[in-house]
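Worksheet for the structure shown next.
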Amino acid sequence: MRLSVDQVEREVARLWEEEAKRSGTARVELLTLVALVSEPPLLERVQAVVTEVVRRLPSRTIVAVWREGTAVSITADAELHHASPGGLPCGDAITLEAIGEAREWLPGNADRLALSDMPVCIWWVGDLPDHDDLFDRMVVNADVVIVNSQEMDLRDLGKLTSICTRSRGRYALADLAWARLRWVQDLVARFFDDEPARACLTGLQRIDIAFSPREGEKDAASTRSCLLLGWLVHVLKLPTDAPQWRRGDTWAEVQLGNVLTRFEQRPHRGVRPGGLVRLALECGTARFEIQRTEDPQAYQWSREVPGMQTPAQILRVLSLDEPTLLLRCLERPKRDPLLEKSLAVAWRIVRPVAPRLSNQPPGGLDL
Amino acid sequence: MDPSILSENPFRLGLVTERTPAPCVFVIFGASGDLTRRKLLPALYNLAVSRLLPPGMSIVGFALTEMADEEFRSSMRQAVGEFSRRKPLDEAVWKDFASRLHYVSGKFEDPANFVKLRDKLAELDARNGTRENRIYYLAVPPSAFRIVNDNLARAGLVYDPEDTTRYSRIIIEKPFGRDLASAAALTADLHRVFHEGQIFRIDHYLGKETVQNLVAMRFGNAIFEPLWNRNHIDHVQITVAEDIGVEGRGKFYEEAGTTRDIVQNHLLQLLMVMAMEPPVAFTADEVRDEKVKVLRALKPISAEEVETLTVRGQYGPGNFAGKPVPGYRQEPNVDPASIVETFVAMRIEIDNWRFAGVPIYIRAGKRLTKRMTEISVHFKQVPHVLLAQPGPVDPDVLAIRIQPDEGIGLRFVAKVPGQTMTLRPVTMDFRYGSTFGGSGPEAYERLILDAMLGDPTLFARADEVNAAWRFITPVLEAWARGPAPRFPNYAAGTWGPTQATALIERDGRSWRRL
């Protein structure tokens, strides 16, 4: 059923009333999740993801999509999300479709449909356009803006850094790729809880990062691997002023002071594109390594520190699907200074080799 | 690199990660028993799945039954497969986890077995870098505590608490005594070997997410605390109701009864968390200091008052879910003339500035109508009935549901739509399950992890245990001195004896319908 935007609230209220009569369910909604679908083919995937998210976090979802056309209009669909097919309702499912220039009206209409006094989270699905003020206008009233840097290229690290700077704390940036790195960070942190292991870091010489390549990946230094390096470099306060790059077809190396980092594409059975296959840190005679096993969801965690006995450990890392990652980003709608700093450091490292922007906006882009 | 950044783990800074404890060896005494199979090993396995066990950690089972390591692993695999909340078993994690499982057999009474244990632990330290860190879990009856502790000490397996290079901690399960004297004796016994800071007394209720949420609700919101006192609260009800019987634990129950099994520990823990003052910090001693103050403020129930302020009961035959069920005296291993209580209700008061004059009604029992643990805070009537109503306006109730359907509900009145000003109670419900989805860690997972991290906040301290017994013991003694009760006095599947209803109705109140 197509509705005008001003009919949506009434329709949603009617649906909840019907449900209340049927099942007596109380209406619980914790936030508004607005998903901006930059390419119509992504719509189905996005609908499936938000449906799954709402099952675990009752919310209002507004999926906004736009199409080319001459009829300038926005229409809406309103339904309820259900915890399972035919099960209890768990949120409002609103779809906005903008045709032609009505795309410009989406920010105002999404804002109008946001739940009162609840956080608004904007999920930008897909690549960030180089210059598009829709993004800026959408995020004005957001609490959290979620992107997926893995769907972007190296230059987007610069754009994301700029977004953080421009937000001036009004909204938090969250990144699905960063959320996916959380377990890697956890495993790396475990290496250095002991003082003797930490002491080895002063002798850090080499970092190896191997990722499973995405189809058509041109650069061995992917955005996600560079974000991981950005975090390592930020934490260890390594110099970033003069990164020296060398690159081949399936590998890339960057020298930062005394530390060489080598990126490598390494396909691994059962590992989705972009997944980490191996991370190793070499500090003189000490070695710290996380390596996928034959079972693609299990890792061998091992370290060799002179004078310390540590058996290798097999650790399960559950496959993180998109709804789970999105939920992680929604868990804590607060700024993440670590992400912001890691992004900025990653951008300083990759800037010399990142592709140029497609064209410059008037006045240039403040990076 | 600036070495000053390495004074702490720099990779932990700013990271929202779960805590990983230092490597240790976890020794379970009573490893062939039910608790190990149903709770401990599944909890440890789940911690492994969650990547929360430290590298090199080993688990050593110690029990009388003769078993090789492989046999122990196989038995534990079956237990984890059956009782873990995570199914199916994760083969990769299990393989790694199983390699950490070891077994030592022998009598607790024989010091030579503890020398054998010490050698095994030393071998594991050398192999796995566990640095002589030890946790001893006593999944054995309290009667075995003394001999185990003495032999641990004799074998040099208990360290000075001031030793910062290694630690030894002990986890014990309730019952922590049968009365004040035996609890004090048990504490004294433990203190001969362990310092209080090394003792972790487990009460799994404190590991429940909803009990921790009660702290979050009270002290993380501004709207509740101003109302949380005698000026606004009329009374409080705490119910710990089980719909099952003694389930094969007749022998244990004959020794314990509901007062010792539930009231002295779980129920008083709920009372403490509900009534404690805000601690100055959420640290172990600050929280436990405030909790114990509640117990110290409980108005003692004198022998003369026991008759009017307490009710005990025992279930007789009845029906549950449409099926006949036996009475307590017909349960296996129960004396056919038993006078052990399976139900307790009490009216208690807290003599402090905040709660003086606010009655707290508690009830706990087996084979009641439904399984339900709940704290309900009943607020006072509005001071003046402005709106013409037939009868009084229903007072507001805040209900904190511990299990099942964990959550919080607020009952208040609203106008019924229409031309007249008619008021009706309505509820606002917050359900953990529907709001956060999924399931959190089980109580044992949280508590075992806390013990490994050395955080005793959610464990009972000796003064807390003693204070609880100081309140309960006079009641038990008065019951023992008085005439034998006429049991059974309630049918299985009901809400307990009629005297429990009378206990609250005497004050013009009634038990909340659950």
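The values are calculated or read from the model by the stated rules, or taken from the named source; none is laboratory data. For clarity, every value in this text was computed on a predicted model and none was experimentally measured. All Cβ positions, glycine included, derive from the backbone under ideal geometry; neighbour counts span all protein chains shown. SASA here: full protein model, heavy atoms, side chains in, ligands and nucleic acids out. Shrake-Rupley method; radii C 1.70, N 1.55, O 1.52, S 1.80 Å.
Before moving on, here are some points about what is shown:
Every residue, every condition in (1) open to solvent by 10 Å² or more (accessible area, probe 1.4 Å); (2) within 14 Å of chain B (Cβ to nearest Cβ); (3) touching a Gly at 6+ places or on another chain (Cβ under 8 Å); (4) more than 27 Å from residue A:18 (Cβ to Cβ), yes or no:
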| residue | (1), (2), (3), (4) |
| --- | --- |
| A:48 | yes, no, no, no |
| A:56 | yes, yes, yes, no |
| A:65 | no, no, no, no |
| A:107 | yes, no, no, yes |
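- Enumerated helices (runs of 4 or more DSSP H) restricted to region B:263-320, each holding at least 3 residues that are open to solvent by 10 Å² or more (accessible area, probe 1.4 Å) and within 22 Å of residue B:344 (Cβ to Cβ): B:306-309
- Qualifying residue in region B:328-345 (condition: over 21 Å from residue B:249 (Cβ atoms), free of Cβ contacts under 8 Å to residues at least 60 places away in the same chain and open to solvent by 10 Å² or more (accessible area, probe 1.4 Å)): no
Residue-by-condition table, conditions (1) at pLDDT 95 or above; (2) of a type in the set (Val, Ile, Thr); (3) part of a strand (DSSP E or B):
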site: B:333; (1), (2), (3): no, no, no
site: B:346; (1), (2), (3): yes, no, yes
site: B:360; (1), (2), (3): yes, yes, yes
site: B:378; (1), (2), (3): yes, no, yes
site: B:382; (1), (2), (3): no, yes, no
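- Boolean, residue A:166 is surrounded by fewer than 20 Cβ atoms within 10 Å (Cβ to Cβ), modelled with pLDDT of 95 or more and either farther than 25 Å from residue A:284 by Cα or not β-branched (Val, Ile, Thr) (or both): no
- Residue B:443 being modelled with pLDDT under 95, more than 14 Å from chain A (Cβ to nearest Cβ) and under 30 Å from residue B:136 (Cβ atoms): yes
- Matching option when the condition is farther than 29 Å from residue B:178 by Cα, of a type outside the set (Phe, Trp, Tyr) and either within 14 Å of another protein chain (Cβ to nearest Cβ) or in contact (Cβ under 8 Å) with a residue 12 or more places away in the chain (or both), among B:157, B:121: B:121
- Residue within region B:465-479 that is surrounded by 15 or more Cβ atoms within 10 Å (Cβ to Cβ) and either without any contact (Cβ under 8 Å) to a residue 60 or more places away in the chain or under 30 Å from residue B:22 (Cα atoms) (or both) present: yes
- Screening region A:236-250 for residues that are open to solvent by less than 60 Å² (accessible area, probe 1.4 Å) and in contact with a Lys or Arg (Cβ under 9 Å, 6 or more places away or on another chain) and picking the one that is farthest from the other protein chains (Cβ to nearest Cβ) gives A:243.
- Within region B:124-138, one or more residues are free of Cβ contacts under 8 Å to residues at least 40 places away in the same chain and assigned to a loop (DSSP other than H, G, I, E, B).
- Yes/no for residue B:257 being out of contact with any Phe, Trp or Tyr (no Cβ under 8 Å at 6 or more places or on another chain) and open to solvent by less than 40 Å² (accessible area, probe 1.4 Å): yes
- Within region B:129-161, being open to solvent by 20 Å² or more (accessible area, probe 1.4 Å) and under 30 Å from residue A:195 (Cα atoms) holds for B:131, B:132, B:153, B:156, B:158, B:160, B:161.
- Taking the criterion of being farther than 30 Å from residue B:46 by Cβ, open to solvent by 60 Å² or more (accessible area, probe 1.4 Å) and within 14 Å of another protein chain (Cβ to nearest Cβ), the residues of region B:413-440 that qualify are B:417, B:427, B:428.
- Condition met for residue B:7 (facing chain A (nearest Cβ under 9 Å), over 22 Å from residue B:132 (Cα atoms) and either out of contact with any Leu (no Cβ under 9 Å at 6 or more places or on another chain) or buried (at least 21 other Cβ atoms within 10 Å of the Cβ) (or both)): yes
- Output for region B:44-74, where each listed residue is open to solvent by less than 10 Å² (accessible area, probe 1.4 Å), within 14 Å of residue B:29 (Cα to Cα) and assigned to a loop (DSSP other than H, G, I, E, B): none
- The set of residues from region B:420-467 being more than 14 Å from residue B:206 (Cβ to Cβ) and of a type in the set (Val, Ile, Thr) comprises B:420, B:422, B:426, B:427, B:435.
- Test: residue in region A:195-218 that is assigned to a helix (DSSP H, G or I), within 14 Å of another protein chain (Cβ to nearest Cβ) and open to solvent by less than 10 Å² (accessible area, probe 1.4 Å): yes
- The residues of region A:115-135 that are farther than 18 Å from residue A:46 by Cβ and either surrounded by 15 or more Cβ atoms within 10 Å (Cβ to Cβ) or in contact (Cβ under 8 Å) with a residue 24 or more places away in the chain (or both), listed by number, are A:115, A:118, A:119, A:130, A:131.
- Every test in (1) surrounded by fewer than 18 Cβ atoms within 10 Å (Cβ to Cβ); (2) touching a helix residue (DSSP H, G or I) at 6+ places or on another chain (Cβ under 6 Å) is passed by residue B:102 save one, and that test is (1).
- In this entry, residue B:12 is excluded by the filter for residues that are more than 7 Å from chain A (Cβ to nearest Cβ), farther than 21 Å from residue B:128 by Cβ, without any contact (Cβ under 8 Å) to a residue 60 or more places away in the chain and crowded, with 17+ Cβ neighbours inside 10 Å.
- Condition met for residue A:320 (at the interface with another protein chain (Cβ under 9 Å from one of its Cβ atoms), of a type in the set (A, V, I, L, M) and either outside any helix (DSSP H, G or I) or free of Cβ contacts under 8 Å to residues at least 24 places away in the same chain (or both)): no
For (1) surrounded by fewer than 16 Cβ atoms within 10 Å (Cβ to Cβ); (2) among the charged types (D, E, K, R); (3) more than 9 Å from every other protein chain (Cβ to nearest Cβ); (4) outside any helix (DSSP H, G or I), each residue gets a yes or a no:
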| site | (1), (2), (3), (4) |
| --- | --- |
| A:303 | no, yes, no, yes |
| A:314 | no, no, no, yes |
| A:324 | no, no, yes, no |
| A:327 | no, no, no, no |
| A:335 | no, yes, yes, yes |
| A:344 | no, no, yes, no |
| A:348 | no, yes, yes, no |
| A:352 | yes, no, yes, yes |
| A:355 | yes, no, yes, yes |
